[in-house]
Each structure stands twice: as structure tokens, then as C-alpha cells.
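Asker: Below is a structure I'd like to ask you about.
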Amino acid sequence: MKHFDTVVIGAGPGGYEAAIELGRAGLKTLLIDKSKERIGGTCLNEGCISTKNYLESASYVSKASYFTDCGLDVEVRGLNMERLREKTIALKNELRSGVVWLLDQAGVETFFGEATFIDFHTIDVSGEKIGFEKCIIATGAKVREIPLLPLDGKRILSSREVFDLTTLPKSIAIIGGGAVGCEFATFFSAFGVNVTLIARGAQLLTGEDEDISKALIRSFKKSGITVMTSTSILKVHVHTEGVTLSVQGQIEEDIECELVLSAIGRDPNTQDLHLENAGVQSSSKGYIIVNASFQTIQQNIYALGDCIDTPAYAHTAYAEAKIAARNLINGTSECNHHINPSTVFSNPQIACCGLSEKDAKEQGRSIHIKKAFLKVNAKAKINGDDSGFVKMIVCSHSDTILGATIIGGEATEIIHEMVMAVEQKLTSKDLANMIHVHPSVSEIFRYL
Ligand SMILES: Cc1cc2nc3c(=O)[nH]c(=O)nc-3n(C[C@H](O)[C@H](O)[C@H](O)COP(=O)(O)OP(=O)(O)OC[C@H]3O[C@@H](n4cnc5c(N)ncnc54)[C@H](O)[C@@H]3O)c2cc1C
């Protein structure tokens, strides 16, 4: 039986980042995933990279009318989905080889198969026993499936199968008003697909403040997306031409569409690991229970990323991986989750960090809100998109910036300045005194 200092299960952003850190520290490290193609995990294979590559094409279409107005002689005649799919696969392969190279440089060994625990020092990987001193579980999450919406890969798709489409549907109903649902609504509507976005909650993006959700819904409606909030699916009928969804919102009605995309959430990938054999505990929802140092109740086993109950982002998994790997070697550092930026690459983009207005009020903080609209920002106008605003949550007593939300073009890029401000406990005066490049979208912070 082969024996390693550390074994990392799952080669997504959390797993490969941790393995690289451990390998660089000189530990004999093995990284396991189900197949070589899974290196990069959800993020690379069917998450961040694929969605953002698709959305980038959509962002050009949404700006086309402004730039043709500026005299540019272009005409968007549609989208060759097959070509976009091929380019995305090529991009993923290129990025995967970059990760393989980094693993190689760090001296990390890889092995492919399905890992399950035999005990707290041994795993079985598709019939092969492997021993370890310490282990990191980074098995991520998987698409949630419910009996009402049985995924068939033809008419009812998840965010996984949607990347197999080689032609655009005429119409699509997207179930789920979270980040994934909003991003796909943006993509399909940019190319003229008739999109109905159905959310069970009273607003889109339930974690965000109400004014942000309202602004997003306004933009979606303007771009032709039908948004139905407080709406539940009652019945799903698949037939030869498409799908009939019976829904209950303000009234009971039927929606006809060619395809349904289920974006109702993700569940931790922990059921098949036989955690009980290793004495590792999980919650009723399946999340592995860890302390602030990412250590499970079994002291030589750690867990991180989407398989624990922290924000489900690749950047969170990266941050947790670095800290967990260092803790595994020798330490008790913690992650600054309270600042964790969250992002939605919809049109308009949304990004926030630190406390939202809702969070701050729930915590009984004395705050005031500073808002500035991109309508006054020269670069936003030059970029062809001056919709949206920046909202900063500031402590009334100390002027310290507690959090911020940006809705509008470039939000996912300019949020980093706010991450730094919250992390470094800067005041809104500090920010206003900083020299910002002119013209830039970030300059909007001068007006707060
Ligand atoms: C459509 C979509 C868009 C997204 N967009 C973004 C975005 O723009 N930005 C962002 O930050 N995040 C985004 N995310 C979230 C992001 O992809 C995840 O948060 C991130 O991939 C989590 O990383 P992870 O390492 O914890 O797990 P994963 O990336 O899920 O990797 C886990 C790996 O473990 C493997 N595995 C599981 N069980 C076993 C086992 N028993 N044995 C061996 N291997 C196993 C799996 O095959 C998988 O490769 C998106 C997600 C989706 C679905």
C-alpha cells in the first residue's frame, strides 16, 4: 500500500491550491479526482470559466447598439453555439494544463478514481488502498436534483448539460433566482432567446439588499427577460415540442418553453465518501463540519471549499485552501470570511463585500448609506453602460467602511478596492482622498 504525508481528495480550486501549497512545503502529497479531466473541478469544467467565457460574448452584443451609434459598422447576426462550445473546451484544456504544470512543479502526485474512507488513515480509490498521515477533503458540490424537475439532458438541463447545447433554443425557462440563474438569463437573452426567470423568493439574489434586486429586475425587464418572483413550480410536463410548466405566482398559469434550465442550487458532495469510517462529522445538509482552522472533529483530517458551509465561490475555496494547508502543516489561522466578496456576472454585474445594509441593520449597527450613480461617471458612459450605482455601508460613529455593493459595468473588477477598504478598516474619507485614475469606473468612489 502506498503511503503519503498528505492526501487531498478533489482537484477543484480548493483541492489543487491546497495540494500545491503542501507540495511546495516539501510534503509527499497525493491529489485525487475521479478523472484527469476533472482537474480544475466545477470551476474549470462547468462553473466559473465556462459561464464567464459564454457571458463575455453576450457582453459584446449588449454594447453593440451603443457602439454602432458611435459609428462602428458591425452587425450581430447571431451566435454559432457550436463554435463557442469548441472555443470554451479549448480554453478549459489550456487552463487545465496550466494547473497540471503547477502541480508538477510542486512535486504533487495525482491519482484518478473515486475516493472513499476506510478509516482515518486509509482511503480506497477505485479498489486501491492508500495510506496517509493527514488528509484534506475538497470534494465540492453537485447540482441539486429534485423529483419535480427530473434532469433528462434534453429538455430539462442543469448548469452542467447546458454547455452541451450546439444551438440556441427559441425559449427557455430558468428556475432559480440565484447567481447561476441570473447569469444564464443574461446570456440567453443577449442572443434573442425568450427567457422566463422564475424565482421562489420575493426577490432575485436573496442574499442581496432589496434595492439591488429591484435594480437588477428593472434591467432584466428592460432587456426583455420575464421575471417571476414569489412563484413556485406546481407541475412539469415534457412533450415533443418542449415543456409546459404549471406555476403558481400571483395567479396559477402555464408557461410553454423549448428548454428548462434548473438552477435551484447545489448540495455538498459528501454522501459517497463514507465519512463515518473516518470519524468525520457532517451536518444534516451534508456539509462537513470544521472548526475555524478547517479541521474536522478527526484532528488529522481537514475540509474546505464547497463541501463545507462557507460561501460557495472559487475565490473562497482558494483562500480556505491556503489557510487549511498551512494549518495542516502547523498553525491555527482563520479565514476572513466576513469580507468575502460575492459576485454575479449578470448584465448588470453585481459585486459586494463586507456587510450589506440588511446585515448591518440585523446586527443593530449604527450606519449610514452612501450612494453614487454611474450616470455621473465619464468612463462608464465611454464604455457604453452608465446604468447602476455604488452603495457603501459606513459606520455612523467612526466613518469606517463596513461593506459595499456595486451594481453596473465592471462591478466584479472594481470591487477589489472595496475589499481592501473593508479589510484595512479604511474610512470613507480615506477613500475619497485617494487619487483615482481619470477617466476610470473606479473613480466613482470619489463621489461617495
Ligand atoms: C454555473 C456555475 C458558475 C460559477 N461561477 C463562479 C464564478 O464566476 N466565480 C466563483 O468564484 N465561483 C463560481 N462558481 C462556484 C465555483 O465553481 C465553486 O465554488 C468552486 O468550484 C468550488 O471549488 P471546490 O474545490 O470546493 O470544489 P469543486 O470545484 O466542485 O471540485 C471538487 C472536485 O472533487 C471531485 N470529487 C468529488 N467527490 C470525489 C471523490 N469521492 N473522489 C474523488 N474526487 C471527488 C469532483 O470530481 C470535483 O472535481 C460557479 C459554479 C457554477 C455551478
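Asker: Could you check residue 113 against (1) in contact (Cβ under 8 Å) with a residue 12 or more places away in the chain; (2) within 30 Å of residue 244 (Cβ to Cβ); (3) within 13 Å of the ligand (Cβ to nearest atom) and say which number it fails?
Answerer: (2)
Asker: Suppose we filter region 143-178 for residues that are within 11 Å of the ligand (Cβ to nearest atom), over 22 Å from residue 189 (Cα atoms) and buried (at least 16 other Cβ atoms within 10 Å of the Cβ); how many remain?
Answerer: Residues flagged as within 11 Å of the ligand (Cβ to nearest atom), over 22 Å from residue 189 (Cα atoms) and buried (at least 16 other Cβ atoms within 10 Å of the Cβ) within region 143-178 amount to 1.
Asker: Please verify whether residue 174 is within 23 Å of the chain's Cα centre (by Cα), more than 23 Å from residue 37 (Cα to Cα) and assigned to a loop (DSSP other than H, G, I, E, B), treating the condition exactly as stated. Don't jump to the end; show me each part of the working.
Answerer: Values: within 23 Å of the chain's Cα centre (by Cα): yes; more than 23 Å from residue 37 (Cα to Cα): yes; assigned to a loop (DSSP other than H, G, I, E, B): no.
Spelling it out, it is not the case that residue 174 is within 23 Å of the chain's Cα centre (by Cα), more than 23 Å from residue 37 (Cα to Cα) and assigned to a loop (DSSP other than H, G, I, E, B).
Asker: Do you know which residues across region 83-102 are in contact with a Leu (Cβ under 9 Å, 6 or more places away or on another chain) and more than 14 Å from the ligand (Cβ to nearest atom)? Break it down into steps so the answer makes sense when it comes.
Answerer: First pass over region 83-102, keeping only residues in contact with a Leu (Cβ under 9 Å, 6 or more places away or on another chain): 85, 92, 95-96, 99.
The answer is 85, and nothing else.
Asker: While we're looking at this one, here's another question. Please enumerate the residues belonging to region 321-349 that are out of contact with any Ser or Thr (no Cβ under 7 Å at 6 or more places or on another chain), in contact (Cβ under 8 Å) with a residue 24 or more places away in the chain and not in a loop (DSSP other than H, G, I, E, B).
Answerer: Scanning region 321-349 gives 321, 322, 324, 325, 329, 339, 342, 344.
Asker: Out of all the residues in region 293-305, is one or more surrounded by fewer than 23 Cβ atoms within 10 Å (Cβ to Cβ), within 11 Å of the ligand (Cβ to nearest atom) and touching a residue at least 60 places away in the same chain (Cβ under 8 Å)? Lay out the reasoning, then the answer.
Answerer: Of all residues in region 293-305, those surrounded by fewer than 23 Cβ atoms within 10 Å (Cβ to Cβ) come to 293, 295, 297-300.
Cutting the leftovers down to within 11 Å of the ligand (Cβ to nearest atom) gives us none.
Scanning region 293-305 turns up no residue that is surrounded by fewer than 23 Cβ atoms within 10 Å (Cβ to Cβ), within 11 Å of the ligand (Cβ to nearest atom) and touching a residue at least 60 places away in the same chain (Cβ under 8 Å).
Laboratory data are not the source of any read-out in this text; all were calculated from the coordinates shown. Everything numeric here is computed off the predicted structure, so don't read it as measured data. Counting neighbours? That spans all protein chains shown, and the Cβs are built from the backbone with ideal geometry, glycine included.
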